[in-house]
Amino acid sequence: MSTVYVVNRSCHNFNKATAYGDIKFMTVGSIDKFNLTKMHRTFFKYLKDSDKQDYIVISGLTNMSVIACGIFVNKHHRLNLLLWNQKKKTYKAEMIFFEDYSFELDKDNKINPVYCTELCYNCKYREYTKCTKQKKDITFNEYCPMWQINKNI
């Protein structure tokens, strides 16, 4: 089962997040917003044991969430968030993958994102899209970073 890492335990009710996994609160109550080193150490203690199928619930100070998400992305090359939908009173899982691009310098020494042309986006973790470089449709294949997980679907 996945783990749901809640950045800060506040007055909100996080019970509906248990549909996605066991909840772990990484901090509780007020935190010194200027003590980034302490935040990093605290979140690293929890997220070092995280798995790529785990989730983060954004709560508390913005800089706390930024640090927690940065650690998760650095470890897993993806970010799995549970976002609260106020109208539907439920969480929605959103995932962003960071292993399908890199950055290069162009002829003017400006950084440009370079998207992998071998990847597909037709799996349960992403919505269908077109290749950003070749401008053609691409299908699910063994080059997809999620292929090893999804090959048995």
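Under a Cβ-Cβ cut-off of 11 Å, what is the net charge of the residues other than PHE72 that fall near it, where Lys and Arg count +1 and Asp and Glu count -1?
Working: positive: LYS48, LYS52, LYS75, ARG78; negative: ASP51, ASP54.
The answer is +2.
Add +1 for every Lys or Arg and -1 for every Asp or Glu among the other residues with Cβ under 12 Å from the Cβ of ASN85, and state the total.
In short, +4.
Residues in region 41-62 near a label at CYS11, defined as backbone nitrogen under 16 Å from the 7 Å Cα→Cβ point?
60-61
At q = 0.15, 0.21 Å⁻¹, what log₁₀ I(q)/I(0) does region 3-96 have when each alpha carbon counts as one equal point scatterer in the Debye sum?
Result of the Debye calculation: -0.52, -1.03.
Convex hull over the Cα atoms of region 1-54, averaged projected area in nm²?
4.0 nm²
Need the full-extension length gain, SER2 to LYS45, defined as separation in residues times 0.36 nm minus the C-alpha distance. One decimal, nm. Intermediate results must be reported in sequence, preceding the final value.
Numbers: separation 43, 0.36 × 43 = 15.48 nm, distance 1.73 nm.
Taking 0.36 nm per residue and subtracting the Cα distance, the gain is 13.7 nm.
Determine, for each peptide in 74-81, 23-30, 87-94, the mean count of other beta carbons within 10 angstrom over its residues, then list the peptides with the highest first.
Going by the mean number of other Cβ atoms within 10 Å, highest first, we get 74-81, 23-30, 87-94.
Find out how many positive minus negative residues lie around SER50, taking Lys and Arg as positive, Asp and Glu as negative, among other residues whose Cβ is under 13 Å from that of SER50.
+2
Contact order normalised by length for region 3-96, with contacts defined as Cα pairs under 8 Å and 6 or more residues apart; what percent is it?
On the way: 146 pairs, mean separation 27.2, N = 94.
In percent, rounded to a whole number, it is 29.
Where the only charges are on Cβ atoms (+1 Lys, Arg; -1 Asp, Glu), what is the dipole of region 36-102 about its Cα centre, to the nearest 20 debye?
Charge dipole of region 36-102: 320 debye, to the nearest 20.
Since every read-out is calculated from the coordinates, none of them should be taken as a lab result. Because the structure is predicted, anything quoted here is derived from the model rather than measured. Positions of Cβ are generated from backbone atoms using ideal geometry, with glycine treated the same way; all protein chains shown enter the neighbour counts.
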